[in-house]
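The values are calculated or read from the model by the stated rules, or taken from the named source; none is laboratory data. Treat the numbers as computed from the prediction; the structure is a model and nothing was measured. With ideal geometry, Cβ positions are generated from the backbone for all residues, glycine too; neighbour counts draw on all protein chains shown.
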Amino acid sequence: MDSISTAAAPNTDAVSDLYRNHGSWLHGWLRKKLGCVWEAADLTQDTFVRVLSSPAAGGQLDDLREPRHFLAAVARRVMVDHLRRRALEKAWLEVLALQPEPVAHSPETRALILETLCQIDAMLDGLGPRPRQAFLLSQLEGLGYAEIAQRLQVSVSSVKKYMARATEHCLLLMLETPL
């Protein structure tokens, strides 16, 4: 059985109509925002894929009063995800460039590493800036609580609270995510 139940899945005819009537407009809107016709085309398609795969849309597409407003809202979220992914990829490539000897990864390995970074970023997205920073300093730089406290200019007990919050957040997300 499909992961999207038919009761919750959007009406494909409604999505087709939405695409036919507003796809070109959305592409133009994204092209103005991004300044690139090819990226706009990709994100237009990604927007409609997100609409198709969203159980939240359900049968509501037939009743849209402002379809362009709806598409722009979905496209903004798609664009934010895209830009965050690009920023992560850029940061990772900069770190690789600083390595003493070049490490040649296959395209598959690079894609897996980038996907993992995006998943970690998404997992930590719901945290506040301090718990997120404390967690990353602990996990990526191997700093102890006292060092993190010094770096963040907070008390060690605050770092303990940040780490507890971050750990709880990650565990809850892991429990919610199906295998």
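Conditions first: (1) modelled with pLDDT of 85 or more; (2) surrounded by 11 or more Cβ atoms within 10 Å (Cβ to Cβ). Residue 38 passes all but one, so which condition is the exception?
Residue 38 satisfies all of (1) modelled with pLDDT of 85 or more; (2) surrounded by 11 or more Cβ atoms within 10 Å (Cβ to Cβ) except (2).
Would you please list the contacts, defined by Cβ atoms under 7 Å and residues six or more apart or on different chains, that run from a residue in region 1-22 that is assigned to a helix (DSSP H, G or I) to a residue that is at pLDDT 65 or above and β-branched (Val, Ile, Thr)?
Close Cβ pairs (under 7 Å, with a partner that is at pLDDT 65 or above and β-branched (Val, Ile, Thr)) amount to 15/51.
Each row is one residue, and each column tells you yes or no for (1) in contact with a Phe, Trp or Tyr (Cβ under 7 Å, 6 or more places away or on another chain); (2) more than 29 Å from residue 111 (Cα to Cα); (3) surrounded by 15 or more Cβ atoms within 10 Å (Cβ to Cβ).
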residue	(1), (2), (3)
22	no, yes, yes
27	no, no, yes
51	no, no, yes
65	no, yes, no
79	no, no, yes
82	no, no, yes
85	no, no, yes
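Give me the pairs, please: first residue somewhere in region 38-51 and in the same structural domain as residue 69 (by TED's automatic domain parsing), second residue anywhere and crowded, with 16+ Cβ neighbours inside 10 Å and of a type in the set (D, E, K, R), beta-carbon distance under 6 Å, and either six or more positions apart or on two chains.
Between residues of region 38-51 that are in the same structural domain as residue 69 (by TED's automatic domain parsing) and residues that are crowded, with 16+ Cβ neighbours inside 10 Å and of a type in the set (D, E, K, R), the close pairs are 40/31.
Answer yes if at least one residue in region 90-100 is modelled with pLDDT of 75 or more, more than 21 Å from the chain's Cα centre (by Cα) and outside any helix (DSSP H, G or I), and no otherwise.
No, region 90-100 contains no residue that is modelled with pLDDT of 75 or more, more than 21 Å from the chain's Cα centre (by Cα) and outside any helix (DSSP H, G or I).
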